[in-house]
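Since the structure comes first, as C-alpha cells, the remarks are kept for the end.
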Amino acid sequence: MNTFWVLVVAVYVGHVCSGYRFGKDVDVDIESIILSEKVRIPAEAEDSPPVLHDEPPSGSDRIVGGQETTIEEHPYQVSFIVNNSYFCGGFIVSEDYILTAGHCAQNVDPSTVVLRAGSTWRKNGTVIPIASVTPHPQYDNPRFDKDVAVMKTVDKINFTEAIQPIPLAPMGRSMRGGSDIVVSGWGRTQFGASSIPERLMDVQIPVVYHLQCLLVYATVLTNNEFCAGNFFLGGQGTCQGDSGGAAIQDGMAVGIVSYGRGCGQALSPSVFADIASRPIREFINEQTGL
C-alpha cells in the first residue's frame, strides 16, 4: 500500500473510531454508522416530521458551499412539489419525461405532484402536472441502490430559453476520479439549517475515486453509484432538498443526487446514482425510449 492510501486509511479510521456522528459519541461499527446516516439527503416536505431523531423538524435549504445561479444556466432543473410543499429536485430529459431520485418517488400519488420549471425562484415558474411516477422496480431502500424514478407529464412540455431537456450519459460511460461535475438545486446550505431557500444554487465538485468512497461507505456503496465532493477538506456538496437533481458533466446528466453522510463534511462525499450504469440506463430507456 503506497503512502497516499496509508494516509487515507489512517485519517478515515481515526474519523470513525473517534465515534464521530454529527457531534455525538456513539459506539457502533462502521457499517452501522453509514446505514444510520445515509438517509440524510432525502428531502422531506415542509413541516413534516424529522427523518432521524436529530434532524431539524421542518423544511430544506440549499446546496453546500455553492453560489447563486439562474435557471438559464440550468434550464433542465425543476422543483418537485408534493401536496403544495417543496420535496425534491428533478430534471427534464424530454418533452414528456422528467427524472428524479427513486427515494423521492416512493409511495407518491401522482395526483398530489406538480413540478415547477423555468424559474430561478423555487415558488415561481411554469407548473407541470404529472401523469405517472415510476421508481426503478429494484430500487433498494434503505441502501438507495438504483435510486432513480421516471415521471411522465400530463402534457408535452413547451420548451423555452429557461425550460430545456438535458442529454443523458450513454450506458457504460465511466466517471473519472478528479474530474468535475456541476450540481444545482434548492437544498440546504449546511446541515441543521431550517430556512426555506428561494433562489437556485449550484456548485462544482470533483468526482471521488471509487476506492476512496468505499472507505467511507463500506459495504453499502454499489457499482450503480459514484461519489463527488472535496474528500479531505469538505465544505462543498449536496444536502437535504437537493435529492433528485442532476449531476452534469460535458453537457450531459451523468448522475442523480441520492444520499450522503452529513452535508459537505470532510471524508463524507455526496453519493449519486450513476446514470450510465446498466441497470439504471436500461430502466430509463425502457420507460422513456431515450
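Assorted remarks:
- Using a Förster distance of 22 Å, the FRET efficiency for residue 278-residue 179 (Cβ separation, nearest 0.05): 0.55
- Using R0 = 45 Å, the C-beta based FRET efficiency linking residue 219 and residue 290 works out to 0.90.
- Sites residue 70 and residue 211, calculated FRET efficiency, Cβ-Cβ separation with R0 45 Å, nearest 0.05: 0.75
- Using 0.36 nm per residue and subtracting the Cα-Cα separation, the extra length available between residue 109 and residue 140 on full extension is 9.2 nm.
- The 3J(HN,Hα) values that the Karplus relation (6.51, -1.76, 1.60; θ = phi - 60°) gives for the stretch 159-174 are, in residue order, 6, 9, 4, 9, 9, 9, x, 10, x, 9, 4, x, 4, x, 5, 9 Hz. Gly and Pro appear as x.
- Converting phi to 3J(HN,Hα) with the Karplus coefficients 6.51, -1.76 and 1.60 and the offset θ = phi - 60°, the stretch 210-221 yields 4, 5, 4, 5, 4, 4, 8, 9, 6, 7, 8, 6 Hz in sequence order, with x at every glycine or proline.
No value in this document is a laboratory result; all are computed from the given coordinates. Note that the structure is a prediction, hence the values are computed from the model and not measured. Counting neighbours? That spans all protein chains shown, and the Cβs are built from the backbone with ideal geometry, glycine included.
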